[in-house]
Amino acid sequence: MLLLTTLLLSLVSLIAAQSSNSSVFVYNGGDDTSFTFALQAVKSTGDLYFHMSGPSGNSWLAVGLGYKMEGALMLITYANSNNDGVTISPRYATGETEPVYQSNVTVDAMSTDPVSGYLTANGVCRGCVTWLNGGGIDLTSAAQPFIFAIGPPFPPLQSDSGSAGLTEHAFVGHFTMDMPAATVQSNGNVPQGPFTSSQSASTATNTETTYNPAPHIHGLVMGFVFIIILPLGSLILRVWNSVRYHIVAQCIGLVLFLMAVAGGCVASTMYNRSKNFNSAHQIIGLLVMVAFLTQLVLGVMHHRIYKREQRKTMRGWIHLYLGPTIILIGLVNGILGFNLAGETFVAIPYCILIVIVGVIYSCIRFFSWRRKRRAAKDPGATMGQSMPYGNVRPPAYREDSYRSAGEPFSSQDVPLAPYASTHSVAQVGMPAHEPRSMF
Ligand code: HEM
Ligand code: HEM
């Protein structure tokens, strides 16, 4: 009796499926990852009529005709620029990178009443049963493979362009469809809902939450280097007068910067907008890298000459001005980076952070300069307190080349060179200060 009932039910559902001539895949993964795809194929024309929907909190939704990204024709849906409809973009993926828009594939959007809170695409992909490179859908297959993917909530995407830049999916999965159940001979139509559960389709398999941290790690490390480490390295030299720790800080900055450049190169290969390495952000970033390495070489060369000859050099002069230039250009390039990633809105808090750090930096420099000026005017009053060197004479080369007699000691006058060898004179009655040796 039970067997008979089961058989009857199966027969009824089979007849229902065939009468609607569509296959329906429904994935109920909760608010963020729900996804519906319904399909009807037309044998005579090769057209694919489809319905695709999911929560509009996601930047985009997509289905791929194939069992993996590589070689799949993809139908990608995102909100149009007015956010009152959708753009359906046919794209082709050559691997696990952003698929490329195919202007030769025609997808006609069919009229639809937008459902609030949902991205809903009703359309027809003309002749898509067979597509590029000999790939295609087997209309006789009872388990034709498909993939689906859901874009992340941020950054949001609204565009009328078929080639709008995407951000890598947050969720992917696989399913199969029974194509004979979804095929009509001619006169196709977009499958009509409501779609509450899968019909003539498998459940989702190999579902996976995906996240590629490379772009964010790249941005975070770059921000840390240009907003924190490099200005700190500058303060260490100008305020605390330590050449050794200045070198340590800037070398840490350089190593982190080079690692972040490597991360930027990995991120570059993921997206169409960056894979040719020709965006302003990437070019400026690479130029900053060259300048940064040059800065290191100039600093070392200047220091060597200074140690030997106790004189200022052109290399030291360039080093002095190239440093702040690198920091400024790097900070501006961060804004271009957010722009490239489609995260322009993050540039505002980023700029606010830069202003806050800039104000703190300027205050420290100003108070340090004022303290040193007072100390220079009245060495007795401040001896051993306000000057980091107590009553140690400033280095000789300051007196004869950087500073004229009587001119106050300036925070700019900190040499990239040791104080210890020639000036570590005995300091009677002064607190103990470590001699400043370079290495
Ligand atoms: C910005 C665009 C995209 C990028 C950068 C991208 C990148 C990637 C990467 C790096 C993986 C490997 C993830 C891992 O192993 O953890 C992957 C896997 C996957 N992607 Fe994408 N993808 C994009 C768009 C799409 C679209 C539009 C679809 C679907 C229609 C899709 C479907 C899949 C699926 C199903 C997987 C699992 C592996 C497989 O079976 O091929 N992807 N993707
Ligand atoms: C001065 C040096 C640089 C700074 C300050 C910098 C900073 C940034 C920032 C803040 C972002 C936004 C990250 C995010 O999505 O959250 C970004 C994105 C990006 N950067 Fe850089 N970057 C620099 C150099 C480079 C270099 C040399 C390359 C590669 C050649 C590169 C490639 C990229 C790419 C491809 C993105 C966009 C990733 C996406 O589309 O999501 N960057 N960068």
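Assorted remarks:
- Straight-line cross-link partners of K275 among the lysines, defined as a Cα under 26 Å from its Cα and at least 8 positions apart when in the same chain: K68.
- Shown here is the pair-distance distribution of region 140-292: with all Cα-Cα distances grouped in 5 Å bins from zero up to the longest one, the shares run 2, 7, 11, 13, 12, 11, 10, 8, 7, 6, 5, 4, 3, 2, 1, 1, 0 percent.
- Entry note, region 22-209: relative contact order of 30 percent, from Cα contacts under 8 Å with a spacing of 6+ residues.
- For region 22-209, the carbon plus sulfur part of the accessible surface works out to 47%, probe radius 1.4 Å.
- Scaled radius of gyration (Cα, divided by 2.2 N^0.38 Å) that region 100-230 gives: 1.39
- Mean accessible surface per residue for region 22-209, computed with a 1.4 Å probe while every protein chain stays in place, in Å²: 43
- Ligands, DNA and RNA left out, the accessible area of region 228-346 computed with a 1.4 Å probe is 75% carbon and sulfur.
- Cα-based Kirkwood hydrodynamic radius, region 58-171, one decimal, Å: 14.5
- Label point 7 Å beyond Cα of K275 along Cβ direction - residues of region 207-230 with amide nitrogen under 20 Å: 211-216
- Charge dipole magnitude, Cβ of K and R +1, D and E -1 - region 22-209, Cα centre, debye nearest 20: 360
- Inter-probe distance in nm under a simple model that places probes 7 Å from Cα toward Cβ, at T140 and N80: 4.1
- On full extension, the segment bounded by F154 and E96 gains 18.9 nm, given 0.36 nm per residue less the C-alpha separation.
- Over region 224-344, relative contact order from alpha-carbon pairs under 8 Å, at least 6 apart, %: 24
- Each residue, D31 and V290, gets one label point 7 Å from its Cα in the Cβ direction; the gap between the two is 5.0 nm.
- Top positive-direction residue, dipole computed over region 264-351 with Cβ charges, set H303, M289, S268: H303
- Surface accessible to a 1.4 Å probe, L322 within the full protein complex, Å²: 40
- Computed with every protein chain present, the accessible area of T313 is close to 10 Å² [probe 1.4 Å].
- Where chymotrypsin sites (Phe, Trp or Tyr not before Pro) fall in DSSP loop in region 226-311, at most 16 other Cβ within 10 Å: W240, F277
- Student exercise, region 30-120 dipole from Lys, Arg, Asp, Glu Cβ charges, in Debye to nearest 20: 260
The values are calculated or read from the model by the stated rules, or taken from the named source; none is laboratory data. The structure displayed is predicted, hence computed values, not measured ones. All Cβ positions, glycine included, derive from the backbone under ideal geometry; neighbour counts span all protein chains shown. Accessible surface is based on the protein model in full, side chains and every heavy atom, while ligands, DNA and RNA are left aside. Shrake-Rupley method; radii C 1.70, N 1.55, O 1.52, S 1.80 Å.
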